[in-house]
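Everything on this sheet refers to the single structure shown next.
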Amino acid sequence: MSTPYASAAPYYARHRPPYPAELYALLADRFALDGSQTVLDLGAGPGTISLPLAPLVEQVYAVDPEPAMLAEGCARADEQGLGNISWLRGDAAGIGRLCLPRIDLCVIGDAFHRMDRARVAADLDAVLAPRGGIAVVTSLLAAWPAVVDEVRARFLGPGPGAAQGTPARRAEASAADRLRDAEDQLAKSAFSRVGTTTWERSTRCTVDQVIGLQFSRASSSPALLGERKDAFASELRTALLDHDPGGTYTRTVTVAVTVATRPRR
């Protein structure tokens, strides 16, 4: 059965911004990636991490519950000539059923908060190599112009937490909470040696990219909008251009990676 991300998958693959190159440099340094390692990308989506990580390791197992996401990732891997990624349908609750070989690194990109974190860490303890570890990526995104939330509210309702302040403050608080929770959960696990590194950058998007990013979210996917999809896109385009006729929108993105390994003995 498909997940809420089924119709969002092509927009997710096309419009979600990549993680910074510094992330892969950090992972390569911390885990001595030399082309001989095996990596598990849990909640892989369309391969946002798997694709750029594949050239650094021997094998990537990209696991996601949504077939449409896996299909997007597989197509992009073929386009890039990457033959060392295995695309597996599964979820964080079934790590033991995947019959994986010994894993050197597990990466989780913006999905850890949707998982049973304590169980995932415990299950990974059984499959990760002694010097292996977990890298949880969390994106802290500044809000789009308020007109985006206004159009979303007209079509989809105010959304959860609407009474808890401005959209920017809600987004900032939510992401910060996810980051703290990831650090806390991992610190209580077998991988209790925890450290977080962050990078900040500005991203520029066109009107089409802002609209595509809305369709990439489960809460505003094409399937959820249904026959209202085109009207939503039209109203959002008009609202954005009224807000800024230049048609280019900039927001700050902070990407945090929390690396957790077993304590040194």
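A few notes on this one:
- Rounded to 10°, Cα long-axis angle of helix 21-30 versus longest principal axis of the chain: 20 degrees
- Reciprocal of mean inverse Cα separation for region 1-91 (Kirkwood radius, Å): 13.2 Å
- Prolate/oblate/rounded label for region 25-136 (Cα gyration tensor, a/c 1.5): oblate
- Cα lying deepest toward the dipole's positive end in the chain, options 38, 232, 197, charges on Cβ: 197
- Carbon and sulfur %, accessible surface of region 1-88 computed with the full protein complex present, 1.4 Å: 54 percent
- Beta bridges per DSSP, both residues in the chain: antiparallel share near 55 percent.
- Whole-number accessible area per residue in Å² for region 65-107, which is evaluated in the context of all protein chains at 1.4 Å: 49 Å²
- Relative to the current alpha-carbon distance between residue 93 and residue 219, full extension at 0.36 nm per residue lengthens the span by 43.1 nm.
- As a calculated quantity, the FRET efficiency between residue 71 and residue 244 at R0 = 30 Å, using C-beta atoms, amounts to about 0.30.
- Charged side chains reduced to their Cβ positions (Lys and Arg at +1, Asp and Glu at -1) give the chain a dipole of some 580 debye around its Cα centre.
- Cα-based convex hull volume of region 110-265 per residue, rounded to whole Å³: 124 Å³
- Charge tally for residue 51 (other residues, Cβ to Cβ under 14 Å; Lys, Arg +1; Asp, Glu -1): -2.
The values are calculated or read from the model by the stated rules, or taken from the named source; none is laboratory data. Computed from a predicted model, the values in this text were never measured in an experiment. Virtual Cβ from ideal backbone geometry, glycine too; neighbours counted across all protein chains shown. The protein model used for the area step is the full one, side chains on, heavy atoms only, and it has no ligands, DNA or RNA in it. Shrake-Rupley method; radii C 1.70, N 1.55, O 1.52, S 1.80 Å.
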